[in-house]
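These notes concern the structure reproduced below.
The values are calculated or read from the model by the stated rules, or taken from the named source; none is laboratory data. Computed from a prediction, not measured in an experiment: that's the story for all the values here. Glycine also receives a Cβ, built like all others from the backbone with ideal geometry; neighbour counts cover every protein chain displayed. The area values use the complete protein model at the heavy-atom level, side chains included, leaving out ligands, DNA and RNA. Shrake-Rupley method; radii C 1.70, N 1.55, O 1.52, S 1.80 Å.
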Amino acid sequence: MALSLGWLSALAAGLFSAHVLQKLCFPYFWWDLFFLLKVIRYGVKLELFKLTSNVCTVLDRFIQQARRSPNKPFVIYDGSIHTYRDVERRSNRLANVFLEDVNLKKGDCVALLMSNEPDFLCVWFGLAKVGCSVAFLNTNIKSKSLLHCFNCCGAKTLIVGSDLVECLDGILPSLLEDSIQVWAMKSQSEHTQVHTLLDKLDAASDQPVPAALRATTSLKSPTLYIFTSGTTGLPKAAVITHLQSLKAAAGFCIFGATEHDVMYIPLPLYHSAASLIGIGGTIELGATCVLKKKFSASQFWNDCRKHDVTVFQYIGELCRYLCNQPKTEMDKVHKVRMGVGNGLRQDVWRDFQNHFGNIKMCEVYGSTEGNLCFMNHIGKSGTVGRSNFFYKLLFKYDLVRYDMVRDEPVKDQHAFCQRVKRGETGLLLSKVSAISPFFGYAGSKQLTEKKLMRNVFVKGDAYFNTGDLMAEDQEGFICFRDRVGDTFRWKGENVATTEVTEILGQVDFIQEVNVYGVEIPGHEGRAGMAATIVRPGLEFDGKKLFEHVMRDLPAYARPLFIRLQEVMEMTSTFKQQKFQLVQSGFNPSTICDPLYVLDYQQKDYIPLIDSIYQSILAGERKL
C-alpha cells in the first residue's frame, strides 16, 4: 500500500514538474499542437482528393450545405436575407441562362465586373456550375487597365453589374472590336450592344445543370483569376486553383469559428480576402455572412449589433478608421469576438482593443498569388503569424539578408543567399515544392518567373520572393517589418516606414500618416517624408511634432518633410498609395498641398517655401 502511494506521489510530482516545465519553456505548446492538428487534418483531406481524383470544390461544398440546411441564412445584404436555397436556385437559373442564351461552355473564362451584392455570388457560382473559370475585375480600374485584364486571362465574355454599366462607356467599342460579348445584370439596356440577363432569368429553370460540367479531377485546375493591385503598373492576374481556394476556405475553421458564427464582410469581393477567405470560409462552415456593398466606419458597429455579428474581416487601415470614430457608450456593446485579416499595426491593434473590448485579432499573412501562409492563431499583438519546428517541416521558408542600397539579397562567395539569425530582419522566401506550389500569373511567363528566385541555397532550387522584410523572434512569432520597396535608406541607415508611421500616429493631431522616401539631388538614399491628415477640429502643430520626433525617433528616421493632405490616396484594399507621392517629391511649386520642412534651429516644422527648396537643391541647407 505504502509502495503504491509512493509511486502515485512520484507520478503526480513528475506530471506536475512536466506541466511547470512546459509552461516555462513551451508556453504555447498546446495551442500550437491543436492548431497544427487542424492544419494537418485539412491537408490530409486535400491529399485524399489528389489520390482519388475526386475533388470536392468550394462550389461542391456550397451545394452540400444548401442540401443540408436549405433554409439557413447564407447572405444578409441591405436588410434582406438570402438563404442557402435562395442562392442555390438563383445560381442554377443563371447557369441555365449561361448555357442556353450566352452559349458558354466548359473551360471558358468569363470576366466579372460587379460590386458587392448577392448576385455577385450567384453569377460566380452559376459560371462555376457550367465549368467556367471566373476573372474578378477590380471595380475601380478604368479603360487601359480594364482592357489589359481581358488580355491577361483570355476572357471573351464580360458580365457587368447594373450599377457599373456606365463604367464601360469609354471602352465598349474596344471590347466589341476584340469580340468580347457584354452581358449586364439588367432587364433592359440603353446600349444596343450590351445584352441583358435579368429578363431571361425569370423564365429559366432553377433545376441544376449536369454535375459533370463543374466536375474536376485536379486540384491544380484554375478556377479564378484575381488581379493584384499593380500600384506601379498594370494589374497582374494571379491564377487561383481549386487547391488555393480550398486552403483559403479553411481559414475561419482553423481559427476556431463554427457554423453558429455570423461573419461580417465589408471588403470587396473581387479581392481574395473577401471571396476566398470570407465567402469560402462561410461556406466551409455552413455559417452566415453579412455582406456590405462598401465599408462604412459609421455603420460598422450598428450592423454588428443588428445582425449579432461574431466574426469580422479587416484589411489594412480598416481598424484605424473605426478607432477614429467618436467614442460612444455603445462601443463595447456587441457580440464580436474575433477579427480575421492582415495589415494591423501594433499601435492600432492596442487602440482597437482598448476602444472596443478584448476582441481576438487573428492576423493572416499571405499574398493572393503566394505559396506561403502564416496565421497568428494565438493572437499575440503585433505579429502576423507563428512558426515552430513542426510547421517548418511542412512549409519551407527562409529569411535571408537583404542589401537596401543595392535593393537585392546579399550573396556569399558561392553566389548563394545568406540566412539571417533569429531576431534579425530578412527577406522572406518560400520554397516552391509539391506541398507549396506557385501557380504564377496568367498571360505572362515573364511575370511569373520574375517572382521566383532560383539557386538560392543550392543549384536548382526555386523560391517564391514575397518582397516582404520579416523577423522571427526567439519564441517563433513572425513580425512584418516592411515591404522591400517601402523601406528606404538615409544617412547610412535603413528606415522602416511602418515603424515611423507608428511613432507619428501617436501625435494627437495626426489622424492618418503615410511615410515614404524622396530623392534629394546630391544625397545618397532617400529622405523621409510623411503625408498626413490632421484630425478634424485640430491644427497642425510643427513644434509639437518636432518635439515628438526628436524624442522618439533616431536622427536618420525623422521625416525631413511633411505634406498635409485632405484625403489619403488608397488602393481598393485599403493599402496606402506611395508610388505617386514618391514620384511627386517635395517641390512646393508643383505640389498644391501644404509642405513643411524640419528645422533644427527653430525647433519646428516650418513651411517649405521655394527659397528653402532651392537651398536644399544647392546643398546649402544642412539636412
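Among the numbered conditions (1) surrounded by fewer than 23 Cβ atoms within 10 Å (Cβ to Cβ); (2) touching a Ser or Thr at 6+ places or on another chain (Cβ under 9 Å); (3) outside any helix (DSSP H, G or I), the only one that R93 does not meet is (3). Has region 78-89 got any residue that is among the aliphatic types (A, V, I, L, M) and at pLDDT 95 or above? Yes, the conditions are met somewhere in region 78-89.
On the stretch given as region 491-515, residues that are assigned to a strand (DSSP E or B) and either among the hydrophobic types (A, V, I, L, M, F, W, C) or surrounded by fewer than 21 Cβ atoms within 10 Å (Cβ to Cβ) (or both) total 7. Before we move on, is D303 open to solvent by 20 Å² or more (accessible area, probe 1.4 Å), in a helix (DSSP H, G or I), farther than 27 Å from C109 by Cα and at pLDDT 95 or above? It is true that D303 is open to solvent by 20 Å² or more (accessible area, probe 1.4 Å), in a helix (DSSP H, G or I), farther than 27 Å from C109 by Cα and at pLDDT 95 or above.
Have a look at A155, A203 and point out the one that is aliphatic (A, V, I, L, M), modelled with pLDDT under 95 and open to solvent by 30 Å² or more (accessible area, probe 1.4 Å). Talk me through it step by step, then tell me what you get.
Details: A155 fails: open to solvent by 30 Å² or more (accessible area, probe 1.4 Å).
On inspection, the qualifying residue turns out to be A203.
Of the listed requirements (1) without any contact (Cβ under 8 Å) to a residue 24 or more places away in the chain; (2) farther than 26 Å from F29 by Cα; (3) surrounded by 18 or more Cβ atoms within 10 Å (Cβ to Cβ), F356 misses just one: (1).
Here's the yes/no breakdown for (1) touching a Ser or Thr at 6+ places or on another chain (Cβ under 7 Å); (2) at pLDDT 95 or above; (3) of a type in the set (G, A, S):
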position	(1), (2), (3)
G525	no, no, yes
T532	no, yes, no
V567	no, no, no
K578	no, no, no
V582	no, no, no
L623	no, no, no
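Evaluate region 16-26: report whether one residue or more is at pLDDT 80 or above, surrounded by 10 or more Cβ atoms within 10 Å (Cβ to Cβ) and under 23 Å from F255 (Cα atoms). Taking every residue of region 16-26 in turn, none turns out to be at pLDDT 80 or above, surrounded by 10 or more Cβ atoms within 10 Å (Cβ to Cβ) and under 23 Å from F255 (Cα atoms).
Please determine, by comparing only the residues of region 276-300 that are among the hydroxyl-bearing types (S, T, Y) and more than 20 Å from L46 (Cα to Cα), which one is surrounded by the most Cβ atoms within 10 Å (Cβ to Cβ).
We begin by selecting, within region 276-300, every residue among the hydroxyl-bearing types (S, T, Y); these are 282, 288, 296, 298.
Adding the requirement that they be more than 20 Å from L46 (Cα to Cα) leaves 288, 296, 298.
Details: T288: 24, S296: 12, S298: 10.
That would be T288.
The residues of region 387-397 that are closer than 18 Å to G423 by Cβ and either surrounded by fewer than 16 Cβ atoms within 10 Å (Cβ to Cβ) or at pLDDT 90 or above (or both), listed by number, are F389, K392, Y397. Looking at L146, is it at pLDDT 85 or above and at negative phi? No; evaluated as a whole, the condition is false for this residue. Each residue in region 180-200 was checked for being free of Cβ contacts under 8 Å to residues at least 40 places away in the same chain, open to solvent by less than 90 Å² (accessible area, probe 1.4 Å) and among the polar types (S, T, N, Q), and 3 of them qualify. Out of all the residues in region 61-79, is one or more outside any strand (DSSP E or B), free of Cβ contacts under 8 Å to residues at least 24 places away in the same chain, surrounded by 12 or more Cβ atoms within 10 Å (Cβ to Cβ) and in contact with a Cys (Cβ under 9 Å, 6 or more places away or on another chain)? Taking every residue of region 61-79 in turn, at least one turns out to be outside any strand (DSSP E or B), free of Cβ contacts under 8 Å to residues at least 24 places away in the same chain, surrounded by 12 or more Cβ atoms within 10 Å (Cβ to Cβ) and in contact with a Cys (Cβ under 9 Å, 6 or more places away or on another chain). Determine, yes or no, whether P173 is at pLDDT 95 or above, more than 30 Å from N376 (Cβ to Cβ), open to solvent by 10 Å² or more (accessible area, probe 1.4 Å) and not β-branched (V, I, T). Judged against the criteria, P173 is not a match.
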